[in-house]
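Heads up: the structure comes next, in structure tokens.
Nothing in this text is a laboratory measurement; each read-out follows from the coordinates by a stated rule. Just so it is clear, the structure is predicted and the values come from calculations on it, not from any experiment. Backbone-built Cβ (ideal geometry, glycine too); neighbour counts: all protein chains shown.
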Amino acid sequence: MAERTRVAIVGAGPAGLLLSHLLDEAGIESIVIDSRTREQIETTIRAGILEQGTVEVLTETGASERVNTIGDKHSGIYLGFDDELHHIDFGALVGRNVWLYPQHEVLVDLIAARLAAGQDLRFGVTAERVEDAETERPRVVVRDAEGRESVIEADVVVGADGSRSVVKKAVTGSHGGFFHECPFAWFGILTEAPPSKDELIYSNSPDGFALISQRSPEVQRMYFQCDPETDPSSYSEAQLWDELQRRTPATELKEGPIFQRDVLKFRSFVAHRMQAGRAVIVGDAAHTVPPTGAKGMNLAVADVVLLDRAIRDLLLRGDATHFESFTDEALRRTWKAQQFSWWMTSMLHQQPGASDFERHRQIAELRTVTDSEAGRRYLAEAYTGWPLLGR
Ligand SMILES: Cc1cc2nc3c(=O)[nH]c(=O)nc-3n(C[C@H](O)[C@H](O)[C@H](O)COP(=O)(O)OP(=O)(O)OC[C@H]3O[C@@H](n4cnc5c(N)ncnc54)[C@H](O)[C@@H]3O)c2cc1C
């Protein structure tokens, strides 16, 4: 016997939780399941940069008040190259900003809001497959932590279940989508140290890329370009600081104990479609981007804003217009974000075996951006985020 709900959401990441929150605003009931525990979800360190539109959605809908109190507004970034730092002033160029507010804090807020409203959120429950996606009664077969199988039937099934999505199979079929592999990865560290600079530094150096980012006044997140097969334990702390410092010659880094290290591989993917019948995929289930443009979580939010409108129209007014155009509208932004992330990545990283010609060309590309207001404005507009459709 299947349990019934209006919208079954697989995945309690930013995409799944925000969608359930927005649907609840319109009185649309949903069940959210996640295979992980609440503690695992609330403590996994991932994205950190929120576009202005993302912050507006979170605050206007009451999903996160704390982004305004403990989030850190950044009105620019630094581009580092040729031993110099160049400030890109988002506020002056496009009148928009970004916020440094870690993804796991967004999840803490969204989980608290959902539980406080008495909504249905189930941890330790794993979706195994989606059935009958092409009908008006799609179903998710799930298994709980004790191994018991059951079925959730809904008007719409949403796969917000990340890059290894099981819902994706029901949506994209054997075609899948479009892939692009980068020949490098990021070595990431968390360190207990004060910030080295007031804004993020994206640094291009002959030794490779580095990103000097922040988490809080006491904890900093830093990355440097590495080989994807690098073993995170193969570096001593002194070697890690040496790598980071060599790649950011224009800034003296403030060092502290390193308490977390990981290697983050890059893989770009875009599904060839984001819906089939009444099954839809959003966020990382539908697309992944290199982290250089800070677009991953923001794209998930943009998908959800569009899908919220589409589901409201479909279920409350019987109007399928936005539901049917969802894939086209969501993929337009996704491909723009892929282009921006690819551009930032290629401009800032060293390709293995790159020639001196390529190195000079890359520096000229960076100068083309920093020396021109139009160049700086393009970067500022894309980084702070294009307008969100659907609200
Ligand atoms: C290590 C790492 C670092 C990153 N850093 C950045 C960054 O600096 N900047 C940036 O913009 N982006 C970054 N990203 C990307 C960003 O975190 C993602 O784009 C964002 O999490 C996407 O949100 P989502 O809700 O679509 O998916 P996710 O956050 O992946 O959430 C999916 C959820 O679904 C659950 N799930 C999966 N399968 C099932 C199943 N079968 N049944 C039930 N539940 C399931 C998972 O447990 C998870 O909680 C990073 C990603 C990773 C992995």
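What the table below lists for this structure:
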quantity	calculated
Whole-Å distance, taken between Cα centres, linking segment 215-262 and segment 46-67	28 Å
Assigned charges on the beta-carbon of Lys, Arg, Asp, Glu; segment 147-257 dipole about Cα centre (debye)	280 debye
Furthest towards positive pole of dipole, ALA2, LEU93, HIS21, structure part segment 1-117, Cβ charges	ALA2
Prolate/oblate/rounded call for segment 331-391, Cα gyration tensor, a/c under 1.5 rounded	oblate
Helix axis angle, 237-247 relative to the chain longest principal axis, alpha carbon, degrees	80 degrees
Whole-number percent relative contact order across segment 221-373, with pairs defined as alpha carbons under 8 Å at least 6 apart	18 percent
Leading residue at positive end of dipole, the chain (Cβ point charges), from LEU315, GLN239, THR37	LEU315
Residue order, fewest to most surrounding Cβ atoms within 10 angstrom, among VAL171, VAL67	VAL67, VAL171
Least to most buried among LEU79, LEU389, LEU190 (fewest other Cβ within 10 Å first)	LEU389, LEU190, LEU79
Links that overshoot a 27 Å alpha carbon limit, given the list LYS197/LYS336; LYS73/LYS254; LYS73/LYS168; LYS169/LYS295	LYS197/LYS336; LYS73/LYS168
Whole-Å distance, taken between Cα centres, linking segment 83-100 and segment 123-177	41 Å
